[in-house]
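This report refers to the structure that appears directly beneath it.
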Amino acid sequence: MTQDRTAARVAVIGAGPGGLAAGMLLAAEGCEVTVYEKQAVVGGRSARLELGAYRFDRGATFLMMPHLLEELFEMAGRKLEDYVTLLKLDPLYSLHFGDTVFSPGTDRDRTEAEIERLFPGDGAGYRRFMADEEDKFARIMPLLQRPFGSLADYARKDVLRALPKLHAADTVYGRLSRYFRDERLRFAFTFQAKYLGMSPWDCPGTFTILSYLEHAYGLMHPVGGVHRVLEAMAEVTEEHGGVIRTSAGVRRIRVKNGRATGLALENGEEVECDYVILGADFGSAMTTLFEPGTLKRYTPDRIARKRFSCSTAMLYLGVDGKLDLPHHAVHFAADYRLNVEEITAAGRLSADPSLYVHNPSALDPTLAPPGKSSLYVLMPVPNLKADIDWEAERERVQASMLERLTRIPGLEDLPERTEEQLFFSPLDWQDRLDVYAGATFNLAHNLGQMMALRPHNAFAEVDGIWLVGGGTHPGSGLPTIFESAKISARLLLERHGASRRRTAAAGAGREVTG
């Protein structure tokens, strides 16, 4: 008789949020999990970055919907609070429109009063928006927690219930225009489309739920940075017997007879496994991890024709002294619509860009030496499909971002106080972190790339592979990436359970006939 192998051997490619979440869940279920990460640290594009004595979040800078993260840890038999301390951000952020500063929070009475003070007559619209979006989110959330494997999934009751509220034929900006008259207030509730790397004038109206989620559930800062959450996931994975291998890049996914059988690592090592969780950047994985000719639907040419998000130019600054700045703020361009169109449609750098400024040292002393500050600055820019020579432009863009920062009150002497500095361009995202076309937020979320039309959680081209991350359903952003991990881990376990049952039945049959 053959040996009865009950524990699934799972190879996880990429220790980003999706890969770590899936690895943690599968290890907790008794799978033999090994996570392979090309970089020296876990976290993917949300990993820890160190410059001298300063530490930064490379990517995401806050958590939304913390209860989903708590549920994720509970599913792995752990409590999030035993690993990470979360601080609630109040206000949510500061939004700067020239001299007007809007700082909303989760207290609806206070936010409505602030709206009436700054944008008279729009307070009632805020109340209507929150009420309508609450109903909308209740209908949409079930769609984010299950797979969409075929067009037949659209006929299920949860889709039919959500359909009247999806607003997929409208845009985020179009929806918000129904609630607010002041253009600046519309921007305050539509800029979240940038979390998907899209323009609010193009992003489907479904995604107005993003601003609702912030206002309804609040935003949290994990002490130590968002990367601390991902490090905690790695720790839980190891506590359940999983293995985390950093500086262990994957060169190829081995495929035999249409099924994944293992990995070839960049160091020449060959790894056998039963299943693969693919958490690497979707575009890069499709174009580099399979032998040419293996894929038919996601060939390099077809990947190149897909729509991808915008990119970001980043500045990470270690600053001497404390900064009189909030935890994070958005400084809008004077002509915000032009700025967005230049990024997403024209493919050129804006003369007057918008900036996101993150000052975690305002709340968290662990990220910089005593009395100093870690400052993170993000400028949305076109991805590498635009005709921009970043080798030629990087120094100019870096200098212009610094100059723009000195016009923010409290940062006039920033260049003189800066002790550490790193500039990260779309080319760096691609070449150093394997982000396809430098598209920081992965595949765009247009109608042709949502739900069943997005790459499926159970990979359609090769058996035994499940996708996690922003390039599969339900999409980009940490909460949805975590949901993708829950979906794919569940599908893998269901598949393995069915396989074990078939093996047991076959064994019983052999014993009877023998």
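The values are calculated or read from the model by the stated rules, or taken from the named source; none is laboratory data. If you're wondering where the values come from, they're calculated on a predicted model, not measured in any experiment. All Cβ positions, even for glycine, are placed from backbone atoms using ideal geometry, and neighbour counts span all protein chains on display. Accessible surface areas use protein heavy atoms only, side chains included; no ligands, DNA or RNA. Shrake-Rupley method; radii C 1.70, N 1.55, O 1.52, S 1.80 Å.
Could you count how many residues in the stretch 268-284 are assigned to a loop (DSSP other than H, G, I, E, B) and touching a strand residue (DSSP E or B) at 6+ places or on another chain (Cβ under 9 Å)?
Number of matching residues: 6.
If you check Thr6, Thr34, Thr61, which single one turns out to be assigned to a loop (DSSP other than H, G, I, E, B), more than 23 Å from Val223 (Cβ to Cβ) and touching a residue at least 12 places away in the same chain (Cβ under 8 Å)?
Only one candidate passes the filter, namely Thr6.
Residues in the stretch 404-420 that are in a loop (DSSP other than H, G, I, E, B) and either within 12 Å of Leu375 (Cβ to Cβ) or not charged (D, E, K, R) (or both): how many?
Within the stretch 404-420, residues that are in a loop (DSSP other than H, G, I, E, B) and either within 12 Å of Leu375 (Cβ to Cβ) or not charged (D, E, K, R) (or both) number 5.
Within the stretch 450-478, track down each residue that is outside any loop (DSSP other than H, G, I, E, B) and modelled with pLDDT of 95 or more.
Ala458, Asp463, Ile465, Trp466, Leu467, Leu478 - these are the residues of the stretch 450-478 that are outside any loop (DSSP other than H, G, I, E, B) and modelled with pLDDT of 95 or more.
Restricting attention to the stretch 189-210, which residues are among the small types (Gly, Ala, Ser), assigned to a helix (DSSP H, G or I) and surrounded by 24 or more Cβ atoms within 10 Å (Cβ to Cβ)?
Filtering the stretch 189-210 down to residues among the small types (Gly, Ala, Ser) leaves 193, 197, 199, 205.
Okay, now just the ones that are also assigned to a helix (DSSP H, G or I), so 193, 205.
Selection gives Ala193 alone.
Quick one: which residue in Arg181, Arg251 is part of a strand (DSSP E or B), over 27 Å from Glu71 (Cβ atoms) and out of contact with any Cys (no Cβ under 7 Å at 6 or more places or on another chain)?
Going through Arg181, Arg251 in turn, the sole match is Arg251.
Applying the selection to the stretch 140-173, what residues are under 20 Å from Asn446 (Cα atoms) and basic (Lys, Arg)?
Listed by number, the residues that qualify are Arg146, Lys165.
Could you tell me whether the stretch 162-171 includes any residue that is under 30 Å from Val330 (Cα atoms), in a helix (DSSP H, G or I) and in contact with a His (Cβ under 8 Å, 6 or more places away or on another chain)?
Within the stretch 162-171, the first condition is being under 30 Å from Val330 (Cα atoms), and the residues that meet it are 165-171.
Still in the list and also in a helix (DSSP H, G or I): 165-166.
Going one step further and asking which of them are in contact with a His (Cβ under 8 Å, 6 or more places away or on another chain), we end up with none.
Within the stretch 162-171 (the criterion being under 30 Å from Val330 (Cα atoms), in a helix (DSSP H, G or I) and in contact with a His (Cβ under 8 Å, 6 or more places away or on another chain)), the answer is no, since none of the residues qualifies.
Just one of the numbered conditions (1) open to solvent by 10 Å² or more (accessible area, probe 1.4 Å); (2) modelled with pLDDT of 95 or more is not true of Asp364; which one?
Here Asp364 meets the rest and fails (1).
Only one residue in Pro104, Pro91 is open to solvent by 10 Å² or more (accessible area, probe 1.4 Å) and outside any strand (DSSP E or B). Which one? Give the derivation first.
Working: Pro104 fails: open to solvent by 10 Å² or more (accessible area, probe 1.4 Å).
Of Pro104, Pro91, the one residue that is open to solvent by 10 Å² or more (accessible area, probe 1.4 Å) and outside any strand (DSSP E or B) is Pro91.
Counting just the residues of the stretch 125-154 that are closer than 30 Å to Leu492 by Cα and without any contact (Cβ under 8 Å) to a residue 60 or more places away in the chain, which one comes out least open to solvent (accessible area, probe 1.4 Å)?
Restricting to residues being closer than 30 Å to Leu492 by Cα and without any contact (Cβ under 8 Å) to a residue 60 or more places away in the chain, the top hit is Met141.
Which residue, of Glu50, Glu71, is out of contact with any Cys (no Cβ under 8 Å at 6 or more places or on another chain), within 27 Å of Gly224 (Cα to Cα) and assigned to a helix (DSSP H, G or I)?
Glu71
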